[in-house]
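These notes are about the structure you will find just below.
The values are calculated or read from the model by the stated rules, or taken from the named source; none is laboratory data. On a predicted model such as this, the values are computed, not experimentally measured, just so you know. Cβ atoms come from the backbone with ideal geometry, glycine included; neighbour counts cover every protein chain shown.
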Amino acid sequence: MTLRILPAMTLVCIAIATGLSSTNVNAAGPGQQSIEAAASNNQFAFVLLYRANDANTQQMYKTLQTTLQSRNDAIAVPVNVTDSANQDLVSRFDASRIPLPAVVALAPNGAVCSAFPRKIAPEQIVASFVSPGQATCLKALQDNQIVLLCVHTANGSTMPPAVKAFSEDQMYRERTKVVSVRSDDPAESQFLKQLKVPADRQSTSVAFMAPPGSMLGVFDQSVSFDTLAETIAAAGKCCEDENCKFNKSAAKQNNARR
């Protein structure tokens, strides 16, 4: 199962997210400055990447403005990719790889939430607003990290032993992000429903994800370290050691299915 925000846009989002450049720039251009200002105000930034101020670009910008004008949690950021002052964003989003004009929706933490090439509808803009928990998971996945999402009940917040062991294990600790949310948080309800986390579970659930956006499974708090390790190995995200017992176990399981 692929972790999806807006199903039709998943591949575009992954292409943008995996193409994000870590190249350092000497100074932020005007577009990047607007994005940073939005982030500091805990706002989403809808970045409109365009080459020419043609009818298509103007229509997309008008749709953004009309949809966002009544909200205080987002801004529109037009970015002309031919302007040398914006080359930091052209490099960051690898804009040469996507059809333009295009809108890229960024959460306050910098996660790419959605991308829309050539046209955009108001309902797509509204659907791009993700919860804090989802934004944190997306950012971690886009940073090539494994994600363990702990969904706690109202009466508990203890990290399951296997999650603690996995996140502290030398093989995984540098590339694992543990995220915690509450099962009764209305802001996270849609995200948890999307992940198929049981709503009636009376203990902590663990949603296991791997980059770039694979959903590996949902477990209860009794999940074992070995189960998590075998699951990540089966997804091809364990390690490069052919002698690793978890890689060997995954190989045996794959051979058995053939």
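Please verify whether segment 106-118 includes one or more residues that are aliphatic (A, V, I, L, M) and over 22 Å from A210 (Cα atoms).
Scanning segment 106-118, I find no residue that is aliphatic (A, V, I, L, M) and over 22 Å from A210 (Cα atoms), so the answer is no.
With the requirement that a residue be within 25 Å of the chain's Cα centre (by Cα), within 24 Å of S96 (Cβ to Cβ) and β-branched (V, I, T), what does segment 64-83 give you?
V77, V79, V81
Pairs under 8 Å by beta carbon, first residue assigned by TED's automatic domain parsing to the domain that holds S84 in segment 41-59, partner exposed (fewer than 12 other Cβ atoms within 10 Å of the Cβ), six or more apart or different chains?
Short answer, once both residue conditions are applied: Q43/N72; R51/T82.
Scan segment 67-83 and give yes if some residue there is loosely packed, with under 15 Cβ neighbours inside 10 Å, modelled with pLDDT under 95, out of contact with any Leu (no Cβ under 6 Å at 6 or more places or on another chain) and more than 27 Å from S131 (Cβ to Cβ), otherwise no.
For segment 67-83, residues loosely packed, with under 15 Cβ neighbours inside 10 Å, modelled with pLDDT under 95, out of contact with any Leu (no Cβ under 6 Å at 6 or more places or on another chain) and more than 27 Å from S131 (Cβ to Cβ): present.
Specify the residue that is surrounded by the most Cβ atoms within 10 Å (Cβ to Cβ); the eligible residues are those in segment 179-234 that are closer than 13 Å to F166 by Cβ and of a type in the set (V, I, T).
V206
Please specify each residue of segment 31-63 satisfying the condition of being hydrophobic (A, V, I, L, M, F, W, C) and either farther than 24 Å from S131 by Cα or more than 22 Å from the chain's Cα centre (by Cα) (or both).
Answer for segment 31-63, where residues must be hydrophobic (A, V, I, L, M, F, W, C) and either farther than 24 Å from S131 by Cα or more than 22 Å from the chain's Cα centre (by Cα) (or both): L49, A52, A55, M60.
Only one of A38, A45 is within 22 Å of G213 (Cα to Cα) and either at pLDDT 55 or above or not in a loop (DSSP other than H, G, I, E, B) (or both). Can you tell me which?
The match here is A45.
For segment 91-142, how many residues are more than 18 Å from Q190 (Cα to Cα) and free of Cβ contacts under 8 Å to residues at least 24 places away in the same chain?
Going through segment 91-142 one residue at a time, the tally reaches 2.
Are there any strands (runs of 3 or more DSSP E) wholly within segment 81-178 with 2 or more residues that are closer than 30 Å to T227 by Cβ, in the same structural domain as Q194 (by TED's automatic domain parsing) and of a type in the set (A, V, I, L, M), and if so which?
Details: elements: 102-106, 112-117, 146-152.
In segment 81-178, 146-152 are the strands (runs of 3 or more DSSP E) which contain 2 or more residues that are closer than 30 Å to T227 by Cβ, in the same structural domain as Q194 (by TED's automatic domain parsing) and of a type in the set (A, V, I, L, M).
Can you work out which of the residues in segment 162-178 that are over 17 Å from G217 (Cα atoms) and in contact (Cβ under 8 Å) with a residue 40 or more places away in the chain is surrounded by the most Cβ atoms within 10 Å (Cβ to Cβ)?
If we take residues in segment 162-178 being over 17 Å from G217 (Cα atoms) and in contact (Cβ under 8 Å) with a residue 40 or more places away in the chain, then Y172 is surrounded by the most Cβ atoms within 10 Å (Cβ to Cβ).
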